[in-house]
Amino acid sequence: MTYQQNIIIEYIQDIIEQHLLELPEEQTIEEMVLNNINKLNYGDYIAIDVLQEQVISISKLDGFNQTFNINKEAIVINYEQLERLFNEQTIF
């Protein structure tokens with residue numbers, strides 16, 4: 001697991017807890033992130049796709065054109081949010 005993936009997993013875990021969402025029984029957040037998000041670049045997004053208060057997938061979006069693949073209840077995280085979190089947690 002990379003440093004970036006660790007930050008993503010922790011951030012998504014917090015969001016899922018805040019929104020009281022359920023995970024699929026057969027998968028963990030870590031598995032979903034490691035299987036679907038290799039590297040996030042500036043301008044990329046992460047979609048936590050939600051249906052009836054259950055997480056159905058976590059995926060990378062390259063931009064608005066890919067939002068046709070997710071439900072309207074999805075939670076979208078942008079690269080800048082994660083970069084801010086990185087800067088807050090990292091001591092230079």
Residue check, residue 6 against (1) surrounded by 15 or more Cβ atoms within 10 Å (Cβ to Cβ); (2) within 16 Å of residue 82 (Cβ to Cβ); (3) of a type outside the set (Phe, Trp, Tyr), all met but one. Which one?
(1)
Which members of the stretch 5-35 meet the condition of being in contact with a helix residue (DSSP H, G or I) (Cβ under 8 Å, 6 or more places away or on another chain) and either in contact (Cβ under 8 Å) with a residue 40 or more places away in the chain or of a type outside the set (A, V, I, L, M) (or both)?
5, 7, 8, 11, 12, 13, 30
All-but-one check, residue 85 against (1) surrounded by fewer than 17 Cβ atoms within 10 Å (Cβ to Cβ); (2) over 18 Å from residue 6 (Cα atoms); (3) among the aliphatic types (A, V, I, L, M), failing number (2)
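Filter the stretch 55-70 for residues that are surrounded by fewer than 13 Cβ atoms within 10 Å (Cβ to Cβ) and not aromatic (Phe, Trp, Tyr); which is nearest to residue 27 (Cα to Cα)? So that I can check it myself, show each step before the final result.
Initially, the stretch 55-70 is screened for residues surrounded by fewer than 13 Cβ atoms within 10 Å (Cβ to Cβ), giving 62-65, 68-69.
From what is left, the residues that are not aromatic (Phe, Trp, Tyr) are 62-63, 65, 69.
Numbers: 62: 24, 63: 26, 65: 27, 69: 20 Å.
So, considering only residues that are surrounded by fewer than 13 Cβ atoms within 10 Å (Cβ to Cβ) and not aromatic (Phe, Trp, Tyr), the one nearest to residue 27 (Cα to Cα) is 69.
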Within the stretch 30-45, does at least one residue satisfy the condition of being of a type outside the set (Gly, Ala, Ser), more than 21 Å from residue 3 (Cβ to Cβ) and out of contact with any Leu (no Cβ under 6 Å at 6 or more places or on another chain)?
no
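Being under 13 Å from residue 9 (Cα atoms) and surrounded by fewer than 16 Cβ atoms within 10 Å (Cβ to Cβ) is the requirement here; does residue 78 meet it? Can you show your working first?
On the way: under 13 Å from residue 9 (Cα atoms): no; surrounded by fewer than 16 Cβ atoms within 10 Å (Cβ to Cβ): yes.
Against the criterion (under 13 Å from residue 9 (Cα atoms) and surrounded by fewer than 16 Cβ atoms within 10 Å (Cβ to Cβ)), residue 78 does not qualify.
Restricting to the stretch 54-89, what's the tally of residues that are aliphatic (A, V, I, L, M), in contact (Cβ under 8 Å) with a residue 24 or more places away in the chain and assigned to a strand (DSSP E or B)? First the steps, then the outcome.
Of the stretch 54-89, the ones aliphatic (A, V, I, L, M) are 55-56, 58, 61, 70, 74-77, 82, 85.
From the residues that got through so far, the ones that are in contact (Cβ under 8 Å) with a residue 24 or more places away in the chain too are 55-56, 58, 74-77, 82, 85.
Filter once more, keeping what is assigned to a strand (DSSP E or B): 55-56, 58, 75-77.
Of the residues in the stretch 54-89, 6 are aliphatic (A, V, I, L, M), in contact (Cβ under 8 Å) with a residue 24 or more places away in the chain and assigned to a strand (DSSP E or B).
Which is touching a strand residue (DSSP E or B) at 6+ places or on another chain (Cβ under 7 Å), part of a strand (DSSP E or B) and not polar (S, T, N, Q), of 48, 8, 12?
Numbers: 8 fails: part of a strand (DSSP E or B); 12 fails: part of a strand (DSSP E or B).
Among 48, 8, 12, only 48 is touching a strand residue (DSSP E or B) at 6+ places or on another chain (Cβ under 7 Å), part of a strand (DSSP E or B) and not polar (S, T, N, Q).
Rule-based calculations on the coordinates, nothing more; no lab input. What you see is a predicted model, and the numbers here were worked out from it, not measured in a lab. All Cβ positions, glycine included, derive from the backbone under ideal geometry; neighbour counts span all protein chains shown.
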